[in-house]
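Asker: If you scroll down you'll find the structure; I have some questions about it.
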């Protein structure tokens with residue numbers, strides 16, 4: 001019996017030693033999953049911006065519509081950017097042409113991870129939409 005008394009409490013110590021790495025792995029998996037989801041949401045915002053710009057008749061209208069669509073898209077998906085940059089290439093804004101939207105969203109790592117991870121990361125995406133060949137004016 002005296003040998004077993006020296007082992008008292010070792011199960012608790014072993015549990016603590018195992019729980020900490022498991023929690024780190026779970027936290028990392030959550031971070032990677034949420035980062036990937038945010039990347040997909042920024043890609044969707046770029047697609048929405050390109051579509052919105054492609055249906056406008058003027059370059060100024062296309063730029064404004066694209067920027068607004070990107071903001072609304074990210075807002076609807078609960079993505080909060082510390083800095084949002086939307087660039088709309090309207091150089092081929094003509095029937096049968098194309099419009100390209102690039103969206104860059106700087107996100108705080110603490111927002112993604114769910115715990116106090118310092119720093120930020122910029123997620124970028126681009127999308128192209130074809131301008132309808134038979135579209136009318138604005």
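The values are calculated or read from the model by the stated rules, or taken from the named source; none is laboratory data. All of these numbers come straight from a predicted model, not from anything done at the bench. Cβ: placed from backbone, ideal geometry, glycine included. Neighbour counts: every protein chain shown.
Asker: For region 79-122, give me each residue that is in contact (Cβ under 8 Å) with a residue 40 or more places away in the chain, over 14 Å from residue 66 (Cα atoms) and crowded, with 20+ Cβ neighbours inside 10 Å.
Answerer: 79, 105, 107, 112
Asker: Related question: Restricting to region 108-132, give me the number of residues that are more than 16 Å from residue 79 (Cα to Cα) and modelled with pLDDT of 85 or more.
Answerer: Total satisfying the criteria: 7.
Asker: Now for a different question. Can you work out which of the residues in region 48-57 that are surrounded by fewer than 20 Cβ atoms within 10 Å (Cβ to Cβ) and at pLDDT 90 or above is nearest to residue 75 (Cα to Cα)?
Answerer: 51
Asker: I would also like to ask the following. Among the residues in region 5-28, are any touching a strand residue (DSSP E or B) at 6+ places or on another chain (Cβ under 8 Å) and either assigned to a helix (DSSP H, G or I) or modelled with pLDDT under 85 (or both)?
Answerer: no
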